[in-house]
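First, the structure itself, so that you have it in front of you.
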Amino acid sequence: MFWTKKNKIDPILIVFGIIALAIIIAVGYLLISLLNKVEKSENKNINYKVEMQEKILAVGANYTRAIEDMKLEIIDEDDISELYTEVEDFLFNVRVPENNRDVHLQTLFALADLKNQNLDIEETKIKVLELLNSLSLVE
């Protein structure tokens, strides 16, 4: 009688157990949702990198096409001052790929030097075409 004890569950233990179970479930849910967000952001980064590579390739293709168009315009030009103006405008307005920027700038300087040499129209065309050919070979 006095020595036997009834096995009774303490209500406080039940409350703390329920709270601990809720905390464990909440932490699991937060970890799963965090992992899903990390995977989605990695996919977005991969897509962004692919889009940027496509844009870089498009800039390079447009640059090459613009150089070829300019070469055709130079062949048809008869006035030296208009030739220099058109080529300078082209070189300043065309979008240059990152790997060609140094050569493009050097071409601008070479064109300015060429302008000061006072060559006739045919020699000027030949020199300018050589400069533009050097731009198209860099890619």
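The values are calculated or read from the model by the stated rules, or taken from the named source; none is laboratory data. Just so we're clear, the structure is a prediction, and the values are computed from it rather than from any experiment. For neighbour counting, all protein chains shown are included, and Cβ atoms are generated from backbone atoms with ideal geometry for every residue, glycine included.
Would you mind telling me which numbered condition in (1) touching a helix residue (DSSP H, G or I) at 6+ places or on another chain (Cβ under 7 Å); (2) of a type outside the set (A, V, I, L, M); (3) surrounded by 11 or more Cβ atoms within 10 Å (Cβ to Cβ) Asp78 fails?
(3)
So which of Lys37, Lys8, Lys44 is at pLDDT below 75 and either surrounded by fewer than 10 Cβ atoms within 10 Å (Cβ to Cβ) or not acidic (Asp, Glu) (or both)?
Result: Lys44 is the single residue among Lys37, Lys8, Lys44 that is at pLDDT below 75 and either surrounded by fewer than 10 Cβ atoms within 10 Å (Cβ to Cβ) or not acidic (Asp, Glu) (or both).
Scan the range 111-137 residue by residue and report those that are buried (at least 16 other Cβ atoms within 10 Å of the Cβ) and among the aliphatic types (A, V, I, L, M).
Leu111, Leu114, Val128, Leu131, Leu132, Leu135
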